[in-house]
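A quick write-up on the structure given underneath.
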Amino acid sequence: CTLRSWLSQWSIDDARADALACAARITVPLLVIENGADDAVPPSHPRRVFEAATTSDKALHLIDGATHYYAGQPSQLAAAGSMTIDWLVARGLMTA
């Protein structure tokens with residue numbers, strides 16, 4: 001990864017990504033998970049992506065108390081995993 005490509009991903013000032021514009025073009029099922037104690041992603045970000053998405057099959061779920069990396073949080077990590085698996089299975093995208 002070059003410095004330029006890293007900055008494009010992580011620098012607010014230099015990013016070329018536009019999550020809201022991209023979300024508006026999503027046509028497949030979308031699952032957005034918000035971690036309630038995430039110190040890296042503000043609560044408004046997952047909600048704004050969810051609201052910008054125009055796909056008819058979209059879901060937004062909150063995992064209370066979950067941090068960005070789920071470090072030392074086995075129950076929150078398990079909740080995220082179970083939620084994702086259940087969502088995929090319900091759409092026939094994965095078998096249980």
Number of positions in region 10-37 that are under 22 Å from residue 90 (Cα atoms) and either without any contact (Cβ under 8 Å) to a residue 12 or more places away in the chain or open to solvent by 60 Å² or more (accessible area, probe 1.4 Å) (or both): 2
Elements of type helices (runs of 4 or more DSSP H) contained in the chain, each with 1 or more residues being of a type in the set (D, E, K, R) and at negative phi: 3-10, 44-52, 74-90
Members of region 77-95 found to be open to solvent by 60 Å² or more (accessible area, probe 1.4 Å) and farther than 19 Å from residue 38 by Cβ, listed by number: 85, 86, 90, 91, 92, 93, 94, 95
Residue within region 58-78 that is touching a His at 6+ places or on another chain (Cβ under 9 Å), farther than 30 Å from residue 2 by Cα and among the hydrophobic types (A, V, I, L, M, F, W, C) present: no
Yes/no for residue 74 being surrounded by fewer than 17 Cβ atoms within 10 Å (Cβ to Cβ) and either at pLDDT below 95 or aliphatic (A, V, I, L, M) (or both): no
Extreme residue, most open to solvent (accessible area, probe 1.4 Å), among residues of region 38-71 that are β-branched (Val, Ile, Thr) and over 12 Å from the mean Cα position of the chain (by Cα): 54
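The values are calculated or read from the model by the stated rules, or taken from the named source; none is laboratory data. Predicted, not measured: the structure shown is a model, and the values here were computed from it. Every residue, glycine among them, receives a Cβ derived from its backbone with ideal geometry; neighbour counts consider all protein chains shown. Each accessible area value is taken on the protein alone, full model and side chains, heavy atoms only, with ligands, DNA and RNA left out. Shrake-Rupley method; radii C 1.70, N 1.55, O 1.52, S 1.80 Å.
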